[in-house]
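The values are calculated or read from the model by the stated rules, or taken from the named source; none is laboratory data. Since the model is a prediction, treat every value here as computed from it, not as a measurement. We place every Cβ from the backbone using ideal geometry, glycine too, and count neighbours over all the protein chains shown. Side chains are part of the model used for accessible areas, which takes the heavy atoms of the whole protein and leaves out ligands, DNA and RNA. Shrake-Rupley method; radii C 1.70, N 1.55, O 1.52, S 1.80 Å.
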Amino acid sequence: MDLKATFSLSLLLLSGLCCAQQGIDHGPDNEILEEDLTQTILRMNNGSKDTLLEGDVWIPKTRNAMKCINKVYSCLWPKSANGMVYIPFLISTKYDNTERNEILCAIKDFEHKTCIRFIPHAAQRAYISIEPRYGCSSLLGRIGDKQVVSLQRFGCIKRGIIQHELLHSLGFYHEQNRSDRDGYVRINWDNLHTYLKLNFEKKITNNLNTPYDYTSVMHYGRTAFGKNGKETITPIPDSSVAIGQRDEMSKIDILRINRLYSCRNHM
């Protein structure tokens, strides 16, 4: 059995050990914090010295990484001849076993539902390094070299956040920034400081013939970047629609992966 097949089997075995339970975010006094995915990400990234677009998309200074910004899915991971997309990755040894298992459980969903296969990094130049740096953040798309997905301990190790950042690394933007968002949400500009309005700029996106998804793990919550916690994103025409779920990839998130990467056996 080759390395790729062995790793796939290990992920399947892992599902019986940890994946039934979501990661739990404990505060400084060990209380469980009830907040949406956006609130957690922005709280964890508050004070970061990195340049972060939309709160968690890391903007590095290297030219090869910048090429992926503001383009339509220009930095995809390559497909193999067998139709699979193999993405080499490393998980830092600074995580404990529970944290490592939670990361692997979040990765397992990609294995089950798409043609994406995260495989152990060997000598590949392009790979993802999952590290407990400051906050929860990721580059956008494949840059062709080592790229860090930051998942800080005691805050970012939750399935929804892990998958959110990995979806950025696959080339996906936030849902509320897609090109047709004005037909589905209203951005309350008066509730935003001027210097934060750029986080709500629409992107030129390929929406892959999929509907706007309020349930996407890539959709930020109602109060993202709001002045004093005011509402910045309001669903329309039904303002009561829930947004900003924190659990895991939605069905449409998965559909988009399969369409973007032409996962024919999973569509």
- Item | Candidate set: region 74-94, residues that are under 30 Å from I204 (Cβ atoms) and of a type in the set (A, V, I, L, M); chosen: the one most open to solvent (accessible area, probe 1.4 Å) | L76
- For residues that are free of Cβ contacts under 8 Å to residues at least 12 places away in the same chain and assigned to a loop (DSSP other than H, G, I, E, B), scanning just region 196-250, find the one that is surrounded by the fewest Cβ atoms within 10 Å (Cβ to Cβ). S240
- Taking region 251-267 and keeping only residues that are among the hydrophobic types (A, V, I, L, M, F, W, C) and touching a residue at least 40 places away in the same chain (Cβ under 8 Å), one is left with I252, I254, L255, I257, L260, C263
- Sole residue being in a helix (DSSP H, G or I), under 14 Å from the mean Cα position of the chain (by Cα) and hydrophobic (A, V, I, L, M, F, W, C), chosen from I103, I157, I130: I103
- Among the listed residues R159, R142, R153, which satisfies the condition of being in contact with a Leu (Cβ under 7 Å, 6 or more places away or on another chain), within 21 Å of D56 (Cβ to Cβ) and either open to solvent by 50 Å² or more (accessible area, probe 1.4 Å) or not small (G, A, S) (or both)? R142
- Task: Kindly indicate whether any position in region 169-185 is open to solvent by less than 30 Å² (accessible area, probe 1.4 Å), farther than 26 Å from C263 by Cβ and among the small types (G, A, S).
- Result: no
- Message: Any residue that is open to solvent by 50 Å² or more (accessible area, probe 1.4 Å) and in contact with a Phe, Trp or Tyr (Cβ under 9 Å, 6 or more places away or on another chain) - is there at least one of those in region 131-139?
- Response: no
